[in-house]
1. Once phi is turned into θ = phi - 60°, what whole-Hz ³J(HN,Hα) does the Karplus curve with 6.51, -1.76 and 1.60 give for every residue of the range 155-160, x standing for Gly and Pro?
2. How far apart, in nanometres, would the label points at Leu32 and Ile174 be if each is projected 7 angstrom from Cα along the Cα-to-Cβ direction?
3. From the phi angles alone, apply the Karplus equation (6.51, -1.76, 1.60; θ = phi - 60°) to the range 122-133 and give each ³J(HN,Hα) in whole Hz, x where the residue is Gly or Pro.
4. Please list, in order along the range 110-115, the HN-Hα scalar couplings obtained from phi with the Karplus expression 6.51 cos²θ - 1.76 cosθ + 1.60 (θ = phi - 60°), rounded to whole Hz, x for Gly and Pro.
5. Have a look at the range 204-245 and give its Rg and Dmax from the Cα atoms, expressed in angstrom.
6. Per 5 Å bin, what percent of the C-alpha pairs of the range 4-244 does each bin hold, from zero upward?
7. With unit charges on the beta carbons (Lys and Arg positive, Asp and Glu negative) and the dipole taken about the Cα centre of the range 4-244, which residue among Ile45, Ser203, Leu26 sits farthest to the positive side?
8. For a quick check: sort Met157, Met173, Met143 by the number of other beta carbons within 10 angstrom, fewest at the front.
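Read-outs throughout are calculated quantities, based only on the coordinates presented, and are distinct from any laboratory measurement. Quick caveat, the model's predicted, so the values are computed rather than measured. Don't worry about glycine lacking a Cβ; one is built from the backbone with ideal geometry, like all the others, and counts go over all protein chains shown.
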Amino acid sequence: MKNKIPTLIANEYKNYFRTPLGFILLIIFALLTNFLTFYAGGFLIREKADLLAFFLFHPWIYIFIIPAISMKLWSEERKTGTIEILLTMPISTTETVISKFLSAWAFCLTAMLTSVPLLITVNILGTPDNGVIISSYIASLFMAGAFLAISLTFSAMTSSQISAYLASSFGCMIILISGIKPIIVFISHLTPQLTIKAIESLSFISHFTSITQGIFDINDFIYFTSTIIIWLILNIAVLEVKKEG
């Protein structure tokens, strides 16, 4: 297992750059984050050396970017029929799922690295709390991983990349918005307080926002890690059903 997974990860990661799609996604991510940071986030008028305006929009950008990164990872295999060959190779389903996930996660990290000029800029302009910034980067990466695990599972359910993209975007959006204030206020009139707290605790927003504001709670990282593991297990289960069928 130790010898197989690094090779599989490297091959999957290289696939992102064998077509223009990988470069296009990196450019879109860079343009979106910079535009939203400087214009919608008011980076220049805040007069504060931090990257809060940058991280503020990550959850919403991921709804559109992450499904695009993962939509073809399984659906393309199903469409071309190569999934049958892949599942009969001397590589376990778990190894294959982990490899695809980690390669896509590495691509997400590559996208985040396009923001290095912003990090350099705030350190030139002032004295930011780099501890908070680093924690925010890690939290963003873990949140991207959670989005990715969900999207991979939906990709394994269909041979259509469009269907995989739409289902992943919708699924991630539901989990994301469940914790925003308007939704909580709306459902507070319909469900018990205990249910509301449970729904709020499942939202990416509440766990991610607290970290970007400098509130470091290990439970937030446990939440994202647990979400990743649960959805990867579901991904493996979907493929095992496919293999047996």
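1. Rounded to whole hertz, the list is 5, 6, 8, 9, 9, 9.
2. 2.1
3. 5, 6, 6, 6, x, 10, x, 7, 5, x, 5, 5
4. Values per residue, Gly and Pro as x: 4, 4, 5, 5, 5, 8 Hz.
5. Reported Rg and Dmax, both Å: 15.2, 49.
6. Per 5 Å bin, starting at 0, the Cα pair percentages come out as 1, 6, 13, 17, 18, 15, 12, 9, 5, 3, 1, 0.
7. Farthest along the dipole direction, towards plus: Leu26.
8. Numbers: Met157 20, Met173 15, Met143 27.
So the residues, fewest neighbours to most, are Met173, Met157, Met143.
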